[in-house]
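Everything on this sheet refers to the single structure shown next.
Values quoted throughout were computed directly from the atomic coordinates according to the rules given, and no laboratory measurement underlies them. A quick note: this is a predicted structure, and the numbers were derived from the prediction, not measured. Neighbour counts run over all protein chains shown; Cβ positions are idealised from the backbone, glycine included.
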Amino acid sequence: MHADVFQTLADPTRRRIVEVLLAGEKQVGDVVEKAGIHQSGVSRHLRILTEAGFVSMRPDGPRRLYALRPEPFRELDAWVAGYRSLWEARLDRFGAALEKKQRAARAAAERKSEK
């Protein structure tokens, strides 16, 4: 996992473009319309995403179609997987504490209704 991956996705404009491309191949004009970013900005960020390996470009006659490449996202997922157990354990403890609190609240409500 390279820090460049995080630097590439750190930009909110690039993340917005990635979200647009999640639906499938798009022309620059489609990305401009759906992301609400000027054409020059979309082109610049698509170039950065392409150079970083997140996006591929496919010529289709006079059009250029941009799409996400799965490999860098798999790499990110593999990196995050190493940390998943950390937050899953915390979520399990939180869930157990929440369940205990809910049981206590139900028991208190039952005692109150019995009086």
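List, in order, the whole-Hz ³J(HN,Hα) value for each residue of region 96-109 obtained from phi through the Karplus relation with A = 6.51, B = -1.76, C = 1.60 and θ = phi - 60°; use x for Gly and Pro.
Karplus-based 3J(HN,Hα) across region 96-109 equals 5, 5, 5, 4, 4, 5, 5, 4, 5, 5, 5, 4, 5, 5 Hz.
Can you tell me the 0 to 90 degree angle between the C-alpha axis of helix 12-21 and the longest principal axis of the chain, rounded to 10?
Long axis of 12-21 versus the principal axis of the chain: about 80 degrees.
Using only alpha carbon pairs under 8 Å that are at least six residues apart, calculate the relative contact order of the chain and give it in whole percent.
Numbers: 84 pairs, mean separation 25.7, N = 115.
Averaging sequence separation for qualifying contacts and normalising by length gives 22 percent for the chain.
Of the peptides 17-23, 104-110, how do they stack up when ordered by the mean number of other Cβ atoms within 10 Å, highest first?
17-23, 104-110
What are the residues whose amide H is under 5 Å from the amide H of residue 64, where those residues sit 5 or more places off or on another chain and H is modelled from the backbone?
Result for residue 64 returns 28.
Starting from the amide H of residue 69, placed 1.01 Å from N in the peptide plane, find each other amide H under 5 Å away whose residue is 5 or more places distant or on another chain.
The list, which skips near neighbours in sequence, is 55, 56.
When the Karplus curve 6.51 cos²θ - 1.76 cosθ + 1.60 is applied with θ = phi - 60°, which whole-Hz ³J(HN,Hα) does each residue of region 67-77 get, with x for Gly and Pro?
Result, rounded to whole Hz: 9, 6, 9, x, 4, x, 6, 5, 4, 4, 4.
So how far apart, in nm, are the two label points at residue 108 and residue 13 if each is 7 Å from Cα heading toward Cβ?
The modelled label-to-label distance comes out at 5.2 nm.
I want to check the label-to-label distance for residue 86 and residue 6. Put each point 7 Å from Cα in the C-beta direction and report it in nm to one decimal.
Result for the modelled spin labels: 1.0 nm.
Report the gain in length on full extension from residue 44 to residue 94: 0.36 nm times residue separation, minus Cα-Cα distance, nm rounded to one decimal.
Computed gain between residue 44 and residue 94 is 13.7 nm.
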